[in-house]
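Heads up: the structure comes next, in structure tokens.
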Amino acid sequence: MSIEIGKYSYLNEPYSSGWYNNACLITGEKPVVKIGRYTSIGKNCQFILTQHNYKKISTCPDLGDIFCRDNIVIGNDVWLGMNVTILDNTTIGDGAVIGAGSVVSGAIPPYAIAVGNPAKIIKYRFSPDEIEKLCESKWWELEKGTLQSLGINTTNVAEFLERLQDYKLPLKKEEWRASTL
């Protein structure tokens, strides 16, 4: 098991992996926890990457099969509160917020707020149109200083996206020029 953590993200310690050395994906590879950029993960988070085969007589890993269904993928700008448990084969979309103490399995869409055991979506951070535009913008690919100069610390999504588009427009012209040479 390994953890790949994106730039500007942090994973507060302690955390645990809930992985045994011989549990692997169907491909034979060791499972991975992939964490995007600008993601904040609170203390005591658990990444559960091992399943016990409860259909066998014994569930003990030393006597039977253990396995991992798939990797854990956590998007960009995700906030996981303290004491969150994430099961294998889970994807948490960009911009999502997971409330403290939640147990997450399956897929959480971008910019959703999910809480509880099992985690349920209670609302979304922004409108569907704003979420679509934020996801398309991929603002998390930019550096921290650039984002701060564009006013990332705002509640006005439309204004931020407009400044971001104005910033990217000269870049697109430069890319076009380079491709025509």
With contacts defined as alpha carbon pairs under 8 Å and 6 or more residues apart, what's the relative contact order of the chain in percent?
14 percent
Of 49, 107, 72, whose Cα points farthest to the positive end of the dipole of the chain (charges on the beta-carbon: +1 Lys, Arg; -1 Asp, Glu; origin at the Cα centre)?
49
Helix-derived mean residue ellipticity, 222 nm - over the chain, DSSP H n ≥ 4, -39500 (n - 2.57), to 500:
-7000 deg cm²/dmol
In debye, nearest 20: dipole of the chain around its Cα centre with unit charges on the Cβ of K, R (+) and D, E (-)?
160 debye
Ranked highest first by the average count of other Cβ atoms within 10 Å around their residues, in what order do 153-161, 103-111 fall?
103-111, 153-161
Packing-ranked peptide list from 59-68, 36-45, highest mean Cβ count within 10 angstrom first, is 36-45, 59-68
In Å², and per residue, what accessible area does the chain have when probed at 1.4 Å with the other protein chains present?
59 Å²
Anything over 21 Å Cα to Cα? Flag those among 138/168; 7/144; 34/133; 43/123; 55/120; 34/168, in the order listed.
34/133; 43/123; 55/120; 34/168
How many nm is it between the label spots at residue 58 and residue 10, if each spot is 7 Å from the Cα in line with the beta carbon?
4.4 nm
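The values are calculated or read from the model by the stated rules, or taken from the named source; none is laboratory data. Note that the structure is predicted; figures quoted are calculated from it, not measured. Every residue, glycine as well, gets a Cβ built from its backbone with ideal geometry; the counts of neighbours run over all protein chains shown. Side chains are part of the model used for accessible areas, which takes the heavy atoms of the whole protein and leaves out ligands, DNA and RNA. Shrake-Rupley method; radii C 1.70, N 1.55, O 1.52, S 1.80 Å.
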